[in-house]
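The values are calculated or read from the model by the stated rules, or taken from the named source; none is laboratory data. All values reported here derive from a predicted model rather than from experimental measurement. Cβ sites come from the backbone with ideal geometry, for glycine too, and all protein chains shown count toward neighbours. Remember, those area values only see protein heavy atoms, side chains included, never the ligands or the DNA or RNA. Shrake-Rupley method; radii C 1.70, N 1.55, O 1.52, S 1.80 Å.
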Amino acid sequence: MAIRGDGALVGTVAAEVATATATHGGSFTRLESGSGVFDADLVLTIAEDDADPQAPSSLAAAPHAASVDHTISGDHAISGRGNASTARNGVVATDGVVDGRDTTGEEDDESFRVSREDGAVVVEAACDRGLLYGFFHVVRLGEAAFSGPDLVERHAPATALRMLDHWDNVAVHEVMGQVERGYSGGSIFYDHGRVRTDLSRVEAYARLLASTGVNRVAINNVNVHAREARLLTDDLPHVARIAAAFRPWGIRVHLSVSFASPITLGGLGTSDPLDPAVARWWREAADRVWAEIPDFGGFVVKADSEGQPGPFAYGRDHADGANMLAEAVAPHGGLVHWRAFVYDHRQDWRDRSTDRARAAHDHFAPLDGRFAENVIVQVKYGPMDFQVREPVSPVIAAMPDTRVALELQVTQEYTGQQKHAVYLGRQWSEVLTFDFAGPDGDRAALPPTSVAGIVARSGGIVAVSNVGDDEFWTGHPLAQANLYAYGRLAWNPAADPTALLDEWIALTFPGAPADVVHTLHEVLDESWETYERYTSPLGVGFMVRPGHHYGPDVDGYEYTPWGTYHFADRDGIGVDRTVATGTGYAGLYPQPWASVYESLETCPDELLLFFHHVPYTHVLHSGKTVIQHIYDTHFDGVERVERFAAAWDGVAAALSDDGGHTGPGHAPRPGDTAHAGADTAGADDGRAGPGRTTPAGAGSGARLAARVSERLAEQLRSAIEWRDQVNTYFYRKSGIPDEQGRTIF
C-alpha cells in the first residue's frame, strides 16, 4: 500500500493504514508530494498541482483501463453490501449528483477518483479531505473494492454542507437534562457543568462521522441557557479542545449562540441588531472565536421561537438579526445558520384561523432575497415538528434567493425516542427526493426542483444528532442505523435507503448468520411505516404526552397554546388547511402540489387529515373508511411489532456468544467488510472503525442482544397502549364499531 501527499488529513489516513497493517499484516509506504510511481495493490494519492485530478493518475498500481472519462448522472446504485456499482466497465460514476452538477463549492474539493485494474486500486483526490473520504470508501467496500471488472469512478458529495446539531447542555437542565431530546445517556462533550477533560470519545465520534461523510458539527443546544452562552467567552479554550478533536477528521465545529448575548455576556442594555454597539460586540466576539479556533464554522441561532430572544423585541425582522451576525463573521469566512422554526406558542386553541403549519412560511418567505450570502435559513423538513408523517415544508421552495438548509432529526423525539426500533432512512429519502415541480421525477438524477436539489445548491443538510455516553452510543443499538444512513444520504440523497440499511447491517454485523441478517432487515426495513401504523394516523400528527413527548395522549395538545390540533369531534377528524374553506396552507405550495393537496380527490391518503377535516365514513383511495383505517392500522401495527420481537428472540442467542457476529468493538480495516466507523456499538472505550483494534469486551454481544430484547419489549408494550387508546378514543367519538369485531375498550 502506498500513500502520497501532504496535509493534516493525509496524516490521518496514514495513521489509520499504519495501525491496520501493523495489526493485520502487509505494509505501506508514505511518500511525499512529487514522489514517483510506486507499485502497490492500493495507492492513495493527492493529485499534483499541475495535474487534472480527474485525469488518469501519475501514480498507479497498474495501467488504467481504457475508458471514456465522462459522468453518468445519477449512476450511484448500491448493492446489498453497500458496494457502489457502475453501469459498465470504465465509466465514471458520480455519487450525489444533483441534475449533473458539481455542488461542492463551500469546502475544499471533497471529490475523489477510484480506478481499478487487475485487482489493483488507485484513489486520487485534489486535496486531503477528498483523500480521507476516498479511503473510507475503500474500507466500506472491503474486499469488493479489489474485485470485479476494471473501472474508473468519480465520487463527490451532492452538497458541501453536511452537518449534525447537538442539543447538549453544559449544565444539566432541570427539565431537559444533559441532552435535550437525548435518549442515549449524557453528553459526550460535557459533564458536571464543564467540558470533559477526556475527549477520547469525541475523537472516536469524529472518526465515525467522517466515515459517513459528515463535515460539520454544532456542539451545544439551540436553546442556549445561561451556562451554555459562556461557551462563546469563558469556555473558548475548551471549545478549541473539542475543535482539535474533530479537526483531524475534516470536521468544523459550530456553536449555538443566544441572540441576547450582548446583554447576558456583554453587559449592554440591548441586543437590538441595528444598534452599532450591539454589532460591535458581535464583531469583537467573532474575532475572539476565530483567533482561538481559525477553522471555526460559525453560529447557529434559534431566535424568537419558544421563548428564545430575538429581533422581534426591537421591532426588527429575522433578516435584520441574521445579517448583523453575518457581518460579524464574514471576515472569517463564517456562516450563520438561522433556524426557521418560529411560531406563536401562546395561541388560542379556540381560534381555528391560526395555523402553526403556516408560521415558518409567513415569517420567512417575505424576506427572500434580503439575507446576506453567508446566512443559511435552516428549515425543518415539515411545517410542524419532526412528526412521523408531514408534508414537505413549502418554505424550502419559497426562497429561491436565499441559502436554505434542510433540517432532519436523527434523535427520535417523535418516533419512539430510541426505545422503539424505527429506521428513518426511508422517511428522509421521501423528503429528499420530493420534487416541488410534480410527482413524476427520476430519483436517480434528482432535479434542481427536488428538496435535495434546492438545498444542495447552497444550504446543505443538517440533522439533530442521536448519540450520547451510553454504552451503545445511541441507547437502542439499532438506532445506529439512523446515524449511518443520515451521513450516507447527506452525501448522496439519491441513494436507496433500503440498500443503505443492508449496507449498515453487513458492516456492523460482519459474518453474521443469514437468519440474523434477515431478522435485522425484517425489524428495521419498514419500521417507520410500522410506527406510523400504531401511532398517529393519516398525517394528523402529535397525539403524544405533552412535555416529554413519549406515549399516547390523543388530546394531549388539543387544548393547549402550542397549536397542534386534530379537531376530532363526533362527526369527523382533521384540520382544514384548504384555500377554499380553511387556513389556506395548501395554497403555499407551488403547482401542481397546491391543487393536489387542496382536493379530496387527489390528496394522498397518508396526508389526508393534515389537509382536510373529513367524516369518519369518508372513503380513502385504499377503499377503506377513515375509521376502519384507524382500527386496522393500529391492530396491524401491534401485530408487526409482535413479529419483530419474536423474530429477534429467535436469533438473539447467535449474538450472545460473542462469536464475532456483533458490531461492538469490531475494527474494520482496508480489505475488511466491517463498517467504517458506525459499528461502534458497545465498544468499551468508544474506539472502533477503520484501523482501530478495540476489544469487544466480555459479554458485549450478550449485552447488545439483551438491550435490543428489552427495547423491543418496551416497543410492544407501548404499541399496545397506542392501539388501545387511539382506537378507543375514536370509537367513542364516532360510535362506529370495528367491522371485524375486535376488542376496543
Lysines whose Cα lies under 25 Å from that of LYS419, excluding same-chain neighbours fewer than 8 positions away: LYS380
Amide H within-cut-off set for VAL464, under 5 Å, with H built and near neighbours excluded: ASP165, LEU408, GLN409, VAL410, THR411
1.4 Å probe accessible area per residue over the chain, in Å²: 33
Placed amide H near LEU31: partners under 5 Å, 5+ positions off or other chain: ILE3, ARG4, GLY5
Distance between modelled label sites at GLU721 and GLU430, nm, 7 Å Cα→Cβ extension: 2.5
Accessible-area composition of the chain, carbon plus sulfur, in percent [1.4 Å probe]: 51
Cβ-placed point charges (K, R +1; D, E -1), dipole of the range 376-468 about Cα centre in debye, nearest 20: 200
Measure of compaction for the chain (Cα Rg per 2.2 N^0.38 Å): 0.94
Alpha carbon centroid spacing (whole Å) that separates the range 496-569 from the range 385-431: 12
Charged-residue dipole, Cβ positions (Lys, Arg, Asp, Glu), the chain about Cα centre, Debye nearest 20: 1060
Per-residue SASA entry for TYR314, accessible area with 1.4 Å probe, Å² rounded to 10: 70
